[in-house]
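Visitor: I'd like to ask you about the structure that follows.
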Amino acid sequence: MWGKFDGRIFGANQGLMIRSLRASENFHIVLWLVKDLCWVMIWKPLGLAMFVPTFLLAVLIAWRSRAEIGELLHSLAVVCWIAANGIWMIGEFWFEDTKRQWAVPFFIAGLLSVAWYYIVVLPRRRRASAA
């Protein structure tokens, strides 16, 4: 399924790490969908309960992807997005949707994270590879 990895590019255990990280990302999608289903169905306790593992797995994925700045910055954007969604959901559930503005800084932080990658990191890499 994954094919062979070139040992000159990837370390000996890199293939296993990538598969494991990919499996975590795939399971994270399942958690996220269940959380959002609970939100839209207004299942308050289950929605809150699903926020916790969804957020924690996003943090774990970011931590595990820290060796590669591009992956890390995108993973941090997801952490911010999940945090913002959680705040928004909790505000809708228990605070008559009066806390939505508290989610805005997390959405902005996520955007800044990926903006840094596309505006700073990626151009540096392209310049370095062209030289």
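Visitor: Contact order normalised by length for region 14-130, with contacts defined as Cα pairs under 8 Å and 6 or more residues apart; what percent is it?
Guide: It comes to 20 percent, rounded to a whole number.
Visitor: Over all directions, the average projected area of the alpha-carbon convex hull for region 72-131 comes to how many nm²?
Guide: 3.8 nm²
Visitor: If you bin every alpha carbon distance in the chain into 10 Å steps from zero, what whole percent lands in each bin?
Guide: 12, 33, 31, 16, 7, 1
Visitor: So what's the back-of-envelope 222 nm ellipticity for the chain, counting only DSSP H runs of four-plus at -39500 (n - 2.57) apiece and dividing by all residues, rounded to 500?
Guide: -25000 deg cm²/dmol
Visitor: On to the next question. Can you list the HN-Hα couplings for region 60-75, worked out from phi with the Karplus curve (6.51, -1.76, 1.60; θ = phi - 60°), rounded to whole Hz and with x for Gly and Pro?
Guide: Values, residue by residue: 4, 4, 4, 4, 6, 9, 5, 6, 10, 4, x, 5, 4, 5, 5, 5 Hz.
Visitor: Evaluate the distance, in nm, between pseudo-label points positioned 7 Å from the Cα of Leu60 and of Leu111 along their respective Cα→Cβ axes.
Guide: Between Leu60 and Leu111, the label points sit 3.1 nm apart.
Visitor: From the backbone phi of region 35-46, what are the Karplus-calculated ³J(HN,Hα) couplings (6.51 cos²θ - 1.76 cosθ + 1.60, θ = phi - 60°) in whole Hz, Gly and Pro given as x?
Guide: Ordered by residue, 3J(HN,Hα) equals 4, 5, 4, 4, 5, 5, 8, 6, 8, 4, x, 5 Hz.
Visitor: Using +1 at the C-beta of Lys and Arg and -1 at the C-beta of Asp and Glu, which of Tyr118, Leu60, Phe93 has the Cα lying farthest in the positive direction of the dipole of the chain?
Guide: Tyr118
Visitor: Can you run phi through the Karplus equation (6.51, -1.76, 1.60; θ = phi - 60°) for region 79-89 and list ³J(HN,Hα) in whole Hz, with x for Gly and Pro?
Guide: Using θ = phi - 60°, the values come out as 4, 5, 5, 5, 4, 4, 4, x, 4, 4, 4 Hz.
Visitor: Right, next: Placing unit charges on C-beta atoms (Lys and Arg positive, Asp and Glu negative, everything else neutral), compute the dipole magnitude of region 51-131 about its Cα centre in debye, rounded to 20.
Guide: 540 debye
Only the coordinates and a few stated rules stand behind these numbers; no lab work does. Here the structure is a predicted model, which is why all the values come from computation and not from measurement. Neighbour counts run over all protein chains shown; Cβ positions are idealised from the backbone, glycine included.
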